[in-house]
Every structure is written in C-alpha cells, then in structure tokens.
Amino acid sequence: MSFLSELNDRQREAAETLTGPLLIVAGAGSGKTRALTYRIANLIAEGVAKPWQILAVTFTNKAADEMKGRIETLLRKSFGNFDVNNRPMLGTFHSICVRILRRNFERFGRDKSFVIYDTVDQESIMKRIIKERQLDDDRVKPRLVLSIISNAKNRLQSAGQFKGMSVRSFDKLVADLYEEYEKRLKANNALDFDDLLLYAVRLFKEHPDVLDTYQERWRFINVDEYQDTNHAQYVLIKLLADKYRNVCVIGDSDQSIYGFRGADIQNILDFEKDYPEAKLIKLEQNYRSTQIILDAADAVIEKNKQRKSKKMWTEKKGGDLIEVWHVENEYEEAEKVAQEIENLKTDGISLKDIVVLYRTNAQSRIMEEILLRYGLPYKVIGGVKFYARKEVKDILAYLRLILNVNDTEALLRVINVPSRKIGQTTLNKLQVFAVTRSLTLAEVMKHVEMIEDLNDGTKKRLADFWTLVLSWQKLSEKEVVSDLIRIIIKDIGYKAYLLDGTEEGEMRHENILELISVASKYDGLEPLISLASFLEEVALVADTDQIDRNEAAMTMMTLHSVKGLEYPYVFILGCEENIFPHSRSAFDPKELEEERRLMYVGVTRAMEKLHLLAAKQRMLFGDYQRNQLSRFIHDIPEELVNRVGVETNFIEPAKPSDFGETIKPKVRLTAEQKFKDGDKIKHATFGEGIVVERRGDLVTVAFKNPLYSIKMFAANIAPLEKVK
C-alpha cells in the first residue's frame, strides 16, 4: 500500500507481516503505535481481513481512540469515503471484556445489565463486611484484603480456589472475606475490574461455543503493550488466538514496570515458546530522544538479564549532557529544580514541556511547597481524580441506582444526599430487616411500611425517596443521560446544596457541569443505551487519559504514571539507594530488575534534557535517611554526564558469597529469613505483637494493644525483637 512509504524499513516489515504469530519488540519512542496502526490498516487495505475480523487491544482508552483516528485516516487514503461504522474492534482489555459479557452474562445465570464497581465502591463493601464481622478495620485493612483478592482474581482464582490454597490463618481470614465479598457483588449485580477478565476467561473455558464465535469473528488479534499483561489477560488472548494463530503482540520487555499489579514479564519473553513459528521484528530507531539520552538508558538497562536485547539509535546525534546533581537534602533538591524551571521559563520554554518524576508520591510534598513559593503553576497526576470527586460520585451513584435498583452501594451513598433526615440508625434498621429476611435493600424500599421499628415520618421520607427513584427509572427510557442528570440535579436541589457561598462549592458545581458535558457525548444514542454506555466509559477511564497537555503548567507524577508519555525536559528526584532503587529490591533480583526498568522508562521520557537529582540526606516517611547515590547513576558512562556535587563512587552492598568462609560479615536478612508467621515479637514503642505476614524486607505485625492494631515495618530497620 502507498501509505507504507511513510514508515521506516523495520516498521514497514511489521506492517507487511499480515498472518501468523508476530512479536514486535519496540523500544521507547520507536513509533510502536504507528507500526501497529499501519499494520491494521494494511490488513484491511490488502483484503487479508475484513474490518470486523480484527481485534486490537490497548491498555488505555486514549491509545484506542488515537489508533481509531489514525486507521480511519489511512483507509480514507486507500478507499476514499471509508465507512467509520465498518471498522475494527479497538479497545482496552476491560472494555472488550465488558462487550463480551454484556452479550453472554446470562450464561452464568446473571443479569447482563450489571454495574462496574470502582475502588471506592469495593472499599465500601469490604468495610461493611469487616464491620459486620466485628473485625477491627485497622487490624484487617480493607485495602490490603482487596489487594490480595485482586491478585487472586488476576491469577484466575475464584473464592473457592483461593480458600482451598490458603494455609496461613491470615489467608484463611481473607478467603472468608473474599467469599462474602463475592456474595455482595452478586446480590448487587455488580462486577469489579478484575471480574471483567475473570468472567470473560471463565465464559470461554466453560462455553466452547461462545469461544468459537469470537475466534471466528476476531481472526486477527493485535495486542499493544504486551509486556504489561497479567495472567488473566495472557490466557484471554491465548484462547482467542488458539484457532487461527494470527496474533501480533508489540511491546518492550525493558518497559515492564507493573509487576506489583500482576503484570508478568514472562508473557512477552516466552511468546516465541508459545508460538515457535513466530516472526521477530525489532524497532530500534528512536524518534523522541537525543543519542546521549538513549546511550544513558541503554547503559542502565543492559545489566538486566530478563530482557530481549536491542540497541536504540536516533538521527538526533549528540545532545545536551545529562545533569546529575548531588545536593545536601530534599529542600535543596526542590530548590534546585524550581530554579532551573524558572531559568527554562525565562528562556522561553513552556511549562507544559516540563515534568518532575519521583519514585513514591510522598516525595512530591516538598517539591510542591517550593513551587508554590516560586509561583510556578503545576499539576499533580495521581491526586484526587475528576471521577473520584465526591460530587461527581454522588451523581454517578444516582445514575447507577436508576440503571440497577439492586445496586446497594449506590443506594446507601445517595439515600441521604442531600440530607433527607435519613440517618445511620435508620439505615442500620433497613439492613437488619433485609438480611434477616434474605431480601435486597431495593425490595425492602418497596415495602418500608412493614418495618415496625421505623416511625411514620421516617417511613414517609423513605417512601418519597423511592418514588423519586422509580420515576427517574421511567424517565431513563425516554431521556438521554445528560438530560437525566439535569433532571436529577433539579429534583434533589443539588445545585443549591453545592453552592454554599464558598469557592470550593463553586468548583464542585463546575465539576457537575463538566460531567454533563461528558455525558452529552452519548446524546445520539437511545436513552437507556446512552445511560449504560456513559456509566461504562466512566468506570473504565484511566488516570492518564485525563492529562491535558495544553494546560500552561508543569506536571508532577510518579515514574509509574509517566509510561507512554514524553516531555522535552525531565527531572527525576530521589536517585538514591533505598529510594530508587527502592529498599524492597535490595535482596530480590527480580525486584531490582524491575526498578532498573523503571529508571529506563524515566530516562527515555526525556526528549531534549534530563536532570537526575539525589540528596545526601533526606527526611522521608518520618525518618532521616543517609543513602549513597543510586547505582543507576553510576551505570551511566562519565562522558554522558555533567556531575555536580558527586563525591563518591557506588559501593554495592556486600553479599555473603563475596567473603571467604572464615569471615562472617553482618548480613541484612529479609523479613522471610528473619521471622516466621506466628512469631511473637516486641517493638520498642508498640509493645508485643504477632507476625501475620512477611514479604521481601517487609513484615506485618498485629499488636496486642488495640491502639496500634496492624502495622507494616522494614524488618532490618524497625526495632523488633523476637519474644520466646
């Protein structure tokens, strides 16, 4: 096809390889999305595949939308007036699984109008379960329990399977909570994010006819960012591709940084084992960074063993040296960055071209203080997200309740917002009445007159509220979602509730107006479909999808959040041992390799200039730390770097194997080596407790004193002693 002339040789080879398994190893800034987009367009242009036979899976809605636009542009070049309704299926793993489940969920005996719960909804359920079981939610933390459940689901373990594998008492407790959590989700006709993949895989495994339908439909499968797939995503793609084996995956093992979310780097490393006939193409030409930045990135990453080797190059030869500043403390670090940003601004550099990165969110606080003092506008990615704001979640909960009256979490959230004088005591009575009679809250709301414990005034307020909900439900059949929001706001007096005379109230009201703007995108659909589609999009939206690159402000975020983005000027804070690389990686080679990949990602975000900063001493997590300069900085060749204040070379921590048998140095033990589950211990401040979990260098202790409950410590730093 003529449009392929716009590609370099390797990209073109990828776009012209149309059948069979294909692994594209795409380095940072190598035009990965471009290659994949042109390949999909070429499949259609060459007549190898009909548009509807192609599936392309991405990790963000932004990437999917970008690819859709590019593919349509390319096909118009080939076919003139291309029908946009006749296009490939592009979307995130979650959105594609939603699509599959909406059509087939009744196979599980479930209603296909399920709602999708976000983390706030999940925590609300888990907190309620923990409270009902009279467990201390400081000792049994809802977030920790949900994290363990999430990991189990990503491994495709049901509650029953997880319970069968639980040996430790804490795991058995989590297994019980997992079972109850699943019951609540089912009662609410809800799924969480992990369920979307879990149920899609279950559907394909338990119903071969459904799998066959999708294998026939999507004969050509493309997966972006394959290095970030977890076990459930891997199995889903493997099942879909099993029949025709026309599967193209693209990614970079050097950018696999989400192990903590369940991403498995082996999925991309083992692709050629899964598909021995696979073709391998490497995209090594970089269109983003200078050669100095690329050489630095290669020097850092080449020490990793778990990778597909490649050598990045660019036509942007040379470039500015990398600045390495070793400062006294975190305040000087922030001050130096702010001064340099001020200088860049004076030189005409736009603030939107600057990003400050850090390993943990806690590092941002002092940087923010200094930027405020300098009057430099900034935005923090990872703060309170638009869809997590209280007023936005309130309206979304009303909409979810209208779509599905059995959504207990939505009902409990809005039943007294704004105040209807329906307090917690009333809600407790409603829930007790429901549980003792095996009814849903929605069923109870229809017959509140039966609850003898409630007075007539309360019964009337409950009945009035439910009448309002049912009236909105009828309206949802003829009003599109944006108009439905306007009606709800008017009926409940929400505008007056928000506009309380403060600037914050004004901002909350503006957020609701923005929500209506987002909802209006669905005005062209049938009313009920517009409601369901809008709620689906909101549930699946990602943090980085919301980044506005046109805003005149610099950006601050964690290194994990910046993947997929690029900035002309990049500052990376805290390049010190035990911070970056993180202390958790000290005795775990796999963790250290992931930390090294995280540095590679950070370095390769920079287009023109990179600054790496480290402090000789810093206060972090309530402790003063003196750490040596990060090993990653010492990996970068001297000729690529301008070093300021760097006094010492890196001394790698000693390992037992470094010494002869007669010399026995003091060796730092991991928590798993130092303690056993059930060990009785004593802490200098918190008193006696019991070890309930160990992971790497971290140990979790449940203390006897209820004031302190459960706490997590670094085993080699915390003052913990075993008690016999």
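The values are calculated or read from the model by the stated rules, or taken from the named source; none is laboratory data. Source: prediction; values computed, not measured. Cβ sites come from the backbone with ideal geometry, for glycine too, and all protein chains shown count toward neighbours. Surface accessibility is based on the protein's heavy atoms, side chains included, excluding ligands, DNA and RNA. Shrake-Rupley method; radii C 1.70, N 1.55, O 1.52, S 1.80 Å.
Just a few scattered comments:
- Residue in the stretch 228-247 that is touching a Ser or Thr at 6+ places or on another chain (Cβ under 8 Å), more than 14 Å from Phe93 (Cβ to Cβ) and either assigned to a helix (DSSP H, G or I) or not β-branched (Val, Ile, Thr) (or both) present: yes
- A Cβ distance below 6 Å, combined with a sequence gap of six or more or placement on separate chains, defines the contacts here; from the stretch 259-280, residues that are more than 12 Å from Thr229 (Cβ to Cβ) reach residues that are aliphatic (A, V, I, L, M) in the pairs Glu272/Ala278; Ala278/Leu23; Lys279/Leu22; Leu280/Leu23.
- Of all residues in the stretch 119-149 being in a helix (DSSP H, G or I) and of a type in the set (D, E, K, R), the one that is nearest to Leu185 (Cα to Cα): Asp121
- Counting only helices (runs of 4 or more DSSP H) that fall entirely inside the stretch 370-463 and contain at least 1 residues that are more than 36 Å from the chain's Cα centre (by Cα), the qualifying elements are 424-436, 441-445.
- Test: residue in the stretch 119-126 that is in contact with a helix residue (DSSP H, G or I) (Cβ under 6 Å, 6 or more places away or on another chain), of a type outside the set (Ser, Thr, Tyr) and within 30 Å of Pro208 (Cβ to Cβ): no
- Residue within the stretch 24-40 that is at pLDDT 95 or above and surrounded by fewer than 19 Cβ atoms within 10 Å (Cβ to Cβ) present: no
- Taken together, Lys77, Lys112 contain a single residue that is farther than 25 Å from Tyr234 by Cα, open to solvent by 10 Å² or more (accessible area, probe 1.4 Å) and either out of contact with any strand residue (DSSP E or B) (no Cβ under 6 Å at 6 or more places or on another chain) or in contact (Cβ under 8 Å) with a residue 40 or more places away in the chain (or both), which is Lys77.
- Filtered residues of the stretch 115-128 (kept if within 15 Å of Glu180 (Cα to Cα) and either in contact with a Lys or Arg (Cβ under 7 Å, 6 or more places away or on another chain) or surrounded by fewer than 20 Cβ atoms within 10 Å (Cβ to Cβ) (or both)): Glu123, Ser124, Ile125, Lys127, Arg128
- Of the residues making up the stretch 41-59, those that are surrounded by fewer than 22 Cβ atoms within 10 Å (Cβ to Cβ) and more than 32 Å from the chain's Cα centre (by Cα) number 6.
- Note on the stretch 83-118: residues that are of a type in the set (S, T, N, Q), assigned to a loop (DSSP other than H, G, I, E, B) and closer than 15 Å to Asp195 by Cα total 1.
- Restricting attention to the stretch 194-223 and to residues that are charged (D, E, K, R) and under 15 Å from Leu240 (Cβ atoms), the residue that is surrounded by the most Cβ atoms within 10 Å (Cβ to Cβ) turns out to be Arg219.
- The residue that is most open to solvent (accessible area, probe 1.4 Å), among those in the stretch 585-641 that are among the basic types (Lys, Arg) and in a loop (DSSP other than H, G, I, E, B), is Arg626.
- Looking across the stretch 394-426 at every residue that is of a type in the set (Lys, Arg) and surrounded by 20 or more Cβ atoms within 10 Å (Cβ to Cβ), the one that is farthest from Arg486 (Cα to Cα) is identified as Arg413.
- Whichever residue in the stretch 432-453 is touching a helix residue (DSSP H, G or I) at 6+ places or on another chain (Cβ under 6 Å) and among the aliphatic types (A, V, I, L, M) and, among such residues, is surrounded by the fewest Cβ atoms within 10 Å (Cβ to Cβ): Ile451
- Only one of Ile96, Ile100 that is open to solvent by less than 40 Å² (accessible area, probe 1.4 Å), within 20 Å of Trp218 (Cβ to Cβ) and within 20 Å of the chain's Cα centre (by Cα): Ile96
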